[in-house]
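This report refers to the structure that appears directly beneath it.
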Amino acid sequence: MSGKFLVINAGSSSLKFALYVMPEGTLIVNGYIEKIGNLDSFYTLKWNEKKEEKRKQIENHTEALQTMFKELLEKQFIKDISEIQGIGHRVLHGGEFYSNSVIIDDKVLQNIKSLTKLGPLHHPGEIAGIESMKKLMPDVPQVAVFDTAFHQTMPQENFMYAVPIEWYRDNSVRKYGFHGTSHKYITESMQEHFKKKDVNLIICHIGSGASICAVKDGKCHNTTMGLTPLDGLVMGTRCGTIDSSVIEYICKERNLSVEEVNHILNKNSGLLGIAGKNDFRDIEELANNGDEMAQLAIKMLRKSIVNFIAQYFVELNGELDAIVFTAGIGENAITLRADIINSISNALGVELDSNANNSVASFKDKKSGVISTIHSKFQVIVMPTNEEYMILKDTFELSQQLKEKDIPKSYFIKK
Ligand code: ADP
């Protein structure tokens, strides 16, 4: 089924979209609507070599989608909305319901709604996106691609917390993991690279948000994020793993509510909390100019990455095909990558190829490549992630399957 497919990634106050022609996978246009709900909301459109930015007050996600369609039609990227054959949504939380992407029907939508308590910032915007599309084009398949799905293969001892079992049974408290779409993309790319399905990997997705995933035999075995994306590594603005008693203690000490502390741990902690900046390029610049807190923040990030690599290396019994670095920092921060590999070099039997490392980044000619020497027991690889491609691929494949099965065209009960 060739045609145009939309990919939608709704954040709490933003909406990214991209329109593709499939099966070619050609990008027609992409857009980014920011500050939804604020007076100063604006959006950017990019197509061919062109870029356009417009200021427009956009109240909510439904209005954001209306703005998107208006632009798509006005600029003739589509002549009519009937040209759209499928819509893929990035959905934060699939809970224990989903270990793969699915066509959204009433039951799926109901399940996504029931998971709003686990994704309170993201799910309302995502649900608004799905419902607006459902109203506008009820006969076009919509696909949910969950950030948690890839991690559903974790063994129970890896995803359980040692809290009263009722918290798991009655309240769904457990480790879910996030960035699953990225970890899956890298896993599939490594399966191609090593020409085998049962790859063992430690994938370091280090962007503003960051997580590491241990992949055993091509499946997620463990990951650093937990019930929410707050857990695990030191991140741009998130604290990562801390003693949970900090919360009650600091509430009392600074007269803050639990909600306020939770907000601070998510938005004002991590690199920002220590160095006063959350963009890694700014922190590197400060550190190079002698700023001690920036230097400390980088050391803390490095240490948290090294500690999880060491833990997962042991969990994988030392049988590793590759450590892979991806996302903004992983793909670009050459010095940090070198420091990490040099810290584990002796213990894990890996050697950095400095020349190779120095030549791979998005601002260099080579954007991916092996950065370890042939004397290493496993490879270290830099590989750009591509979550959007995964959403597009699943949306296309599932829409195709529906067509082949000739399932009736309506996925929602018409009211
Ligand atoms: P997210 O998708 O979670 O917003 P990204 O994967 O886009 O995050 O990564 C953003 C991070 O990547 C920022 O901290 C940014 O500073 C960092 N980054 C981007 N380019 C470079 C670079 N050339 N050197 C070092 N860090 C970089």
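The values are calculated or read from the model by the stated rules, or taken from the named source; none is laboratory data. Keep in mind that what you see is a predicted model, and the values were worked out from it rather than measured. All Cβ positions, even for glycine, are placed from backbone atoms using ideal geometry, and neighbour counts span all protein chains on display. These accessible areas exclude ligands, DNA and RNA; they are computed on the full protein's heavy atoms, side chains included. Shrake-Rupley method; radii C 1.70, N 1.55, O 1.52, S 1.80 Å.
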**OP:** Averaging sequence separations of C-alpha pairs under 8 Å and six or more residues apart, then dividing by the length of the stretch 236-389, give the relative contact order as a whole percent.
**Re:** 17
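Relative contact order for the chain: what is it in percent, counting Cα pairs under 8 Å that are at least 6 residues apart?
14 percent.
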**OP:** Using the structure shown, list the pairs from Lys46/Lys216; Lys196/Lys366; Lys75/Lys367 with a Cα-Cα distance above 30 Å, or answer none.
**Re:** Lys46/Lys216; Lys75/Lys367
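How big is the charge dipole of the stretch 199-345 about its Cα centre, in debye rounded to the nearest 20, if each Lys and Arg gets +1 on its Cβ and each Asp and Glu gets -1 on its Cβ? Could the numbers behind the result be given before it?
Values: 12 positive and 18 negative charges, 9 e Å.
The dipole of the stretch 199-345 has a size of about 40 debye.
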Original post:
Which pairs break 18 Å Cα to Cα here: Lys4/Lys393; Lys4/Lys51; Lys16/Lys51; Lys4/Lys403; Lys197/Lys219?
Top reply: Lys4/Lys51
Original post:
Share of the stretch 38-165's accessible area from carbon and sulfur, percent, 1.4 Å?
Top reply: 52
Subject >> Cβ-placed point charges (K, R +1; D, E -1), dipole of the chain about Cα centre in debye, nearest 20 >> reply: 620
**OP:** Name the long-range amide H neighbours of Thr223: under 5 Å, sequence gap of 5 or more, or other chain; modelled H, no Pro or chain starts.
**Re:** Ala214
**OP:** Would you mind getting the accessible area per residue of the stretch 146-200, heavy atoms of the protein chains only, 1.4 Å probe, in Å²?
**Re:** 49
**OP:** Would you mind telling me the antiparallel percentage of the DSSP bridges in the chain, rounded to 5?
**Re:** 65
Original post:
At q = 0.07, 0.12, 0.13, 0.14 Å⁻¹, what log₁₀ I(q)/I(0) does a Debye calculation on the Cα points of the chain give, no solvent, two decimals?
Top reply: -0.35, -1.07, -1.25, -1.42
**OP:** Could you tell me which GluC sites (Glu not before Pro) in the stretch 1-83 are loop residues by DSSP with no more than 16 other beta carbons within 10 angstrom of their beta carbon?
**Re:** Glu24, Glu49, Glu59
**OP:** Could you tell me whether the stretch 159-213 comes out rounded, prolate or oblate from its Cα gyration tensor? Rule is a ≥ b ≥ c as square roots of the eigenvalues, rounded for a/c under 1.5, then prolate if a/b exceeds b/c, otherwise oblate.
**Re:** prolate
Subject >> For the stretch 54-68, 3J(HN,Hα) per residue [Karplus equation, 6.51 cos²θ - 1.76 cosθ + 1.60, θ = phi - 60°, Hz, x = Gly/Pro] >> reply: 10, 8, 7, 6, 10, 6, 8, 5, 5, 5, 4, 5, 4, 4, 4
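Below 8 Å between Cα atoms, with a sequence gap of 6+, how large is the relative contact order for the stretch 316-415 in percent?
Relative contact order for the stretch 316-415 comes out at 27 percent.
Once the piece of chain linking Lys299 and Ser345 is laid out straight, how much longer is it, given 0.36 nm per residue of separation minus the C-alpha distance between them?
Here the segment from Lys299 to Ser345 would lengthen by 14.9 nm.
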Original post:
Accessible area per residue, 1.4 Å probe, Å², for the stretch 1-68: what's the number?
Top reply: 50
Original post:
Along the stretch 311-316, what does the Karplus equation 6.51 cos²θ - 1.76 cosθ + 1.60 (θ = phi - 60°) give for ³J(HN,Hα), rounded to whole Hz, x for Gly and Pro?
Top reply: 4, 6, 4, 5, 4, 8
**OP:** For the stretch 1-111, compute Rh as the Kirkwood radius over C-alpha pairs and then the Stokes-Einstein diffusion coefficient at 10 °C and 1.306 mPa s; write the answer in µm²/s, rounded to an integer.
**Re:** 105
Subject >> Rounded to 5, the percent of DSSP beta bridges in the stretch 83-217 classed as antiparallel >> reply: 60
**OP:** With +1 on each Lys and Arg Cβ and -1 on each Asp and Glu Cβ, and nothing else charged, work out how big the dipole of the stretch 294-415 is about its Cα centre, in Debye to the nearest 20.
**Re:** 480
**OP:** With a ≥ b ≥ c taken as the square roots of the eigenvalues of the C-alpha gyration tensor of the stretch 205-318, please select rounded if a/c is under 1.5 and otherwise prolate if a/b is larger than b/c or oblate if it is not?
**Re:** oblate
**OP:** Leaving ligands, DNA and RNA out of it, report the carbon-plus-sulfur percent of the accessible area of the stretch 272-355 at a 1.4 Å probe.
**Re:** 45
